[in-house]
Amino acid sequence: MRQSWSAVDAIELGAGLVLAALVLFDVFQAVVVPRPITTPIGIARYVVRLTWGGWRDTFSGVTAADKRERYLGVYAPAILIFLLALWIVGLVAGYGLVLHALREQLDPRPPDVWAALYFAGTSLLTIGFGDIAPVGPGARLVALVAGASGLILVALAITFLFSLYTTFQ
């Protein structure tokens with residue numbers, strides 16, 4: 001099986017790898033590293049900066065302190081769930097672009113980028129319907145990495161949620 005490369009395939013491959021790497025780096029910074037995020041790279045930093053002020057201002061007028069703290073305490077778990085969804089979308093997009101660039105290594109060959117995104121999503125979420133299968137070494141590696149990173153991402157998010165809840169109990 002010989003892959004014929006076009007400039008678009010190379011751009012898709014590069015963009016997909018960069019996107020997936022950025023998302024995985026952001027997950028590492030936001031969930032694994034136990035310190036504030038200081039690098040300008042990453043989704044979590046900007047999402048929190050954009051949303052926290054509005055959330056805080058919305059509930060700062062609540063006069064009962066215990067009620068206000070309860071409302072403000074919902075922010076961290078809610079933003080983590082939102083970030084988890086963003087990270088999943090980012091990884092599906094990244095792996096989908098890579099798999100679309102490697103479409104010659106998939107059986108049946110995806111007719112468009114949407115089918116490659118679908119395969120990336122079923123791989124990342126470890127659903128694996130089997131209607132598209134990787135047959136080449138590159139596509140097999142991407143599908144394997146997608147499945148592993150999907151499992152790790154969800155496990156980290158759940159672990160982080162539990163640590164948030166135990167902190168406030």
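Taken together, the values in this text are just the output of simple stated rules run on the coordinates, not laboratory data. Quick caveat: nothing in here was measured; it's all calculated off a predicted structure. Cβ placement follows ideal geometry from the backbone for every residue including glycine, while neighbour counts extend to all protein chains displayed.
Descriptive notes on the structure:
- Hz values of 3J(HN,Hα) by residue in segment 92-107 - Karplus curve (6.51, -1.76, 1.60), Gly and Pro given as x: 4, 5, x, 5, x, 5, 4, 5, 5, 5, 9, 4, 5, 9, 10, 10
- At q = 0.16, 0.19, 0.24, 0.28 Å⁻¹ the log10 of I(q)/I(0) for segment 18-57 amounts to -0.42, -0.57, -0.79, -0.95, computed by Debye summation with a single uniform scatterer per C-alpha, solvent ignored.
- The chain: angle of helix 137-167 to the longest principal axis, Cα-based, in degrees nearest 10: 10
- Computed 3J(HN,Hα) for segment 10-25, one whole-Hz value per residue from the Karplus formula 6.51 cos²θ - 1.76 cosθ + 1.60 where θ = phi - 60°, is 5, 5, 4, 4, x, 5, x, 5, 5, 4, 4, 5, 5, 5, 5, 5, glycine and proline marked x.
- Acute angle (nearest 10 degrees) that the helix 113-124 long axis makes with the longest principal axis of the chain, alpha-carbon atoms: 60
- Calculated log10 I(q)/I(0) by the Debye sum over Cα atoms at q = 0.12, 0.17 Å⁻¹ (choose from [x] -0.59, -1.13; [y] -0.67, -1.10; [z] -0.62, -0.99), label: [z]
- The chain: relative contact order in percent, alpha carbon pairs under 8 Å with at least 6 residues between: 27
- Summed residue charge, Cβ within 12 Å of Gln29's Cβ, Lys/Arg positive, Asp/Glu negative: +1
- Solvent-free Debye scattering, log10 I(q)/I(0), computed from the Cα coordinates of segment 127-169 at q = 0.24 Å⁻¹: -0.82
- Separation of alpha-carbon centers, segment 61-123 and segment 1-39, rounded to whole Å: 14
- Counted charge near Gly73, where neighbours are those whose Cβ lies closer than 11 Å (Asp, Glu -1; Lys, Arg +1): +1
- Cut-off under 5 Å, modelled amide H: who pairs with Asp107 long-range: Ala133, Val135
- Among residues other than Pro110 with Cβ under 14 Å from its Cβ, the summed charge is -4 (Lys and Arg +1, Asp and Glu -1).
- Take the convex hull of the alpha carbons in segment 36-78; its mean projected area over all directions comes to 3.4 nm².
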